[in-house]
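The values are calculated or read from the model by the stated rules, or taken from the named source; none is laboratory data. Just so we're clear, the structure is a prediction, and the values are computed from it rather than from any experiment. Quick reminder, even Gly has a Cβ in these numbers, built from the backbone with ideal geometry, and neighbours come from all protein chains shown. Remember, those area values only see protein heavy atoms, side chains included, never the ligands or the DNA or RNA. Shrake-Rupley method; radii C 1.70, N 1.55, O 1.52, S 1.80 Å.
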Amino acid sequence: AIGHEPDTPLVDLAADVRAATPTDAAKRVVPDVHEEVRLLGHQRDRLRSTASARLATEQQWLAGIRGRPVLTDPGVLVRDRAAQVITLRDQVRRHAAARLDGAATDLDHARARVAALSPAATLARGYAVVQTASGTVVRDAEQTGSGDQLAVRLAGGRLDVTVD
């Protein structure tokens, strides 16, 4: 509220600031030009400093990115991965070949054991299987008597014999 009266108007009670004279009110409403110029200069300097710092940071980041090998030669990643794939492929091939060789050796040993234990191999070494006419295998000479008909199985065929 503006006025020269000693009484207090109601507006003075609601106002945030009271000015005693119109000149005082004008001074409070209109800012000081020199102070405003000084504040603007200070804000401009801060803005310039902040922008320069941000620009310097971004330039460092960009220089770091440009210096990375993948950007200087993008094929380096592909070549590295290709070399890894070739190495892994060779390892898998060697491992698979070793496993197959081991399995082949195991199979050869199993075949040899089966062949050694087979009745045909036993017959091939000169042994024979003697059976009675009913097909019972003769394990002892006392199982037969004179005149009994026997079948003798050999590696190369069969003989019908009579016990003397």
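Applying 0.36 nm per residue to the separation of residue 132 and residue 82 and subtracting their alpha-carbon distance, the gain on full extension is 10.6 nm.
Note on the range 28-164: with neighbouring protein chains present and a 1.4 Å probe, carbon and sulfur make up 59 percent of its accessible heavy-atom surface. Charge tally around residue 54: other residues with Cβ under 13 Å, Lys/Arg +1 each, Asp/Glu -1 each, net +1. Taking the structure as given and computing Rg and Dmax of the Cα atoms in Å, which label from (1) 57.0, 167; (2) 17.4, 56; (3) 15.5, 50 fits? Recomputing Rg and Dmax of the Cα atoms in Å here gives the entry labelled (1). Rounded to the nearest Hz, the phi-derived 3J(HN,Hα) couplings of the range 113-128 under the Karplus curve 6.51 cos²θ - 1.76 cosθ + 1.60 (θ = phi - 60°) are 5, 4, 5, 5, 8, 6, x, 4, 5, 5, 5, 5, 7, x, 7, 9, where x marks glycine and proline. One decimal place: the segment residue 101-residue 143 gains 10.1 nm when fully extended, by the rule 0.36 nm per residue minus the C-alpha distance.
Summing +1 for each Lys or Arg and -1 for each Asp or Glu among the other residues whose beta-carbon sits under 12 angstrom from that of residue 83 gives +1. Of the residues 103, 121, 15, the one that moves most in a GNM of the chain with alpha-carbon contacts below 10 Å is 15.
For the chain, the per residue solvent-accessible surface stands at 84 Å², with DNA, RNA and ligands left out and a 1.4 Å probe.
Here the sum of -39500 (n - 2.57) over DSSP H runs of 4 or more residues, divided by the residues of the chain, equals -20500 deg cm²/dmol at 222 nm, to the nearest 500. Residue 117 sits among other residues whose Cβ lies under 13 Å from its own Cβ, and their net charge, with Lys and Arg +1 and Asp and Glu -1, is +3. Between residue 112 and residue 25, the contour length at 0.36 nm per residue exceeds the Cα-Cα span by 19.3 nm. Rounded to the nearest 10 degrees, the angle from helix 33-66 to the longest Cα principal axis of the chain is 20 degrees.
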